[in-house]
């Protein structure tokens, strides 16, 4: 077998990979790899190993792919081959990116770009720049991403490389989706599809269709979204792409939810999370869980919605702890918005039993956050604390409406029932297992500084700090709203009553801060 024969086998392997014929692709590459040693250069061996790794990467056999990329890089480095070493680094970095380690990916892409500059390898430089553009897109730097994509696209189009051009155009389309420029995104998807078809890259066509479906969802064109998703589904199923099918299930779940088919949405999200886990894509898994929570919310199954959000949050937070995903802030912002929506809905469902507390939980959350921010609470802690405010009376869901709306004083037995709402609420919140500890807020917001509160008779600094803050906000809102047994007090009247109880009911250091905030 001559060097030309090796090149032909490698070309056949690349064509099979583009067609999604993974076993055939590996077969061609292995034939090339097993040619007599005299026909193979070290550069050929490094490139063949890298390409076999690409097949395994696309199949989501990530551990195998990583071993092959590392071997390719080692062979190239030991033989002083800068361009093959750079290509191996780019492929290696894609594993980092899939697994969420964007810092490591950026370092390897950057190292590959340096090698390209040293030897004047324009193709390698374009590959590195293209992937750095993708990282910029993930990080939300659309301007930098588009600058890089345009530079790389010009290079690939001049060379007639339709395969790489389709990838860049697809990324540019997604950048326009993120920017809300939907007509331009649609135009880029059309160009990407044309380039992928010219390259006979069916796997890429499926990816473009999936992204196009997400664009249609954003535009509210659900019929078009379903059609695009079904085309992508068919391609990915035929190709045996686990990751592609996971993406398709996630998008199909969103479409089913938005069209009212909640049972179908559940089925799709079950599969999306299972397959995302199987192909080691934590970001996709967390996104599917977040979307799934919204199905439970539509069914008013708030506890189940919160459990799914908690699963998603832990995945996102775990990635953040490893500094893996620099896009995480955006995802966490969206996730916390979903949390607030679910928690607010749960709080309102509890308030609906009580004729006199409409809006109480939300107002208490606002007052409590105002005080918490003034005394040093910041960032995401404030968001979670607000949720604690929304849920501080969640245990009242176990009480009868007659008890909640009774006019006049409660009997000793009724008062004992009423006091149990803190314990019941604590149990409910413990079962949900929030990422931030809300239990002290829910259980202890009726404790009093002098030890006369309930349910545990805590006093002074034994009372959790967050519960002391919530107590002040809760009492102020109760005093300034109408109840079955009295009229609402004015702001001045309420503050006068509370001032007399500072150091008895309320933390004497916190109350003056709250009073000043209210007066301001």
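What follows draws every value from the coordinates through simple rules; no lab data is involved. Because the structure is a prediction, the values reported are computed rather than measured. A quick note on method: Cβ atoms are made from the backbone with ideal geometry, for glycine too, and the neighbour counts reach across all protein chains shown.
A straight chain from residue 420 to residue 375 at 0.36 nm per residue would run longer than the Cα-Cα distance by 13.2 nm. With the cut-off at under 18 Å, measuring from each backbone N in the stretch 94-119 to a point 7 Å along the Cα-to-Cβ line of residue 334 picks out 98-102.
Ordered by the count of other Cβ atoms within 10 Å of each Cβ, fewest first, 50, 60, 301 give 301, 60, 50. The stretch 111-247 gives an Rg/Rh value of 1.00, both radii derived from C-alpha positions and Rh following Kirkwood. Taking label positions 7 Å along the Cα-Cβ direction at both residue 366 and residue 450, the computed distance is 3.2 nm, reported to one decimal.
Panel order for 184, 362, by other beta carbons found within 10 Å of each beta carbon, from fewest to most: 184, 362. Distance between the pseudo-spin-label points of residue 517 and residue 267 (7 Å out from Cα toward the beta carbon): 5.0 nm.
Ranked by the mean number of other Cβ atoms within 10 Å per residue, highest first, peptides 439-447, 200-208 order as 439-447, 200-208.
The distance from the alpha carbon centre of the stretch 133-171 to that of the stretch 460-520 is 57 Å, rounded to a whole number. Ordered by the count of other Cβ atoms within 10 Å of each Cβ, fewest first, 313, 155, 339 give 155, 313, 339. Two numbers describe the Cα atoms of the stretch 218-285: Rg and Dmax, which are 11.6, 31 Å.
Return the Rg/Rh ratio of the chain with Cα-based radii and a Kirkwood Rh.
Details: Rg = 29.5 Å, Rh = 26.4 Å.
Rounded to two decimals, Rg/Rh equals 1.12.
Remark: spin-label model distance residue 274-residue 497 equals 5.7 nm, labels positioned 7 Å along the Cα→Cβ axis. Along its three principal directions, the equivalent ellipsoid of the stretch 1-108 from the Cα gyration tensor extends over semi-axes of 23, 17, 9 Å, largest first. Relative to the longest principal axis of the Cα atoms of the chain, the long axis of helix 465-479 lies at roughly 50 degrees.
Rounded to 0.05, the FRET efficiency of the residue 119 and residue 224 pair, given R0 = 60 Å and the Cβ-Cβ distance, is 0.85. Quick check: the angle from helix 360-374's long axis to the longest principal axis of the chain, C-alpha only, nearest 10 degrees? It is inclined by approximately 80 degrees. Between residue 11 and residue 430, take the C-beta separation as r, use R0 = 56 Å, and let me know the FRET efficiency to the nearest 0.05. In this case the efficiency is close to 0.40. How far is helix 102-119 tilted, in degrees, relative to the longest principal axis of the Cα atoms in the chain, given as a value from 0 to 90 rounded to the nearest 10? Tilt of helix 102-119: around 30 degrees. Estimated purely from DSSP H runs of n ≥ 4, each contributing -39500 (n - 2.57), the mean residue ellipticity at 222 nm for the chain is -24500 deg cm²/dmol once divided by its residues.
Calculated on the alpha-carbon coordinates, the convex hull of the stretch 352-519 measures out at 110 cubic angstrom per residue.
Look at the Cα gyration tensor of the stretch 57-166: its axes a ≥ b ≥ c give a/c of at least 1.5 with a/b at or below b/c, and that counts as oblate.
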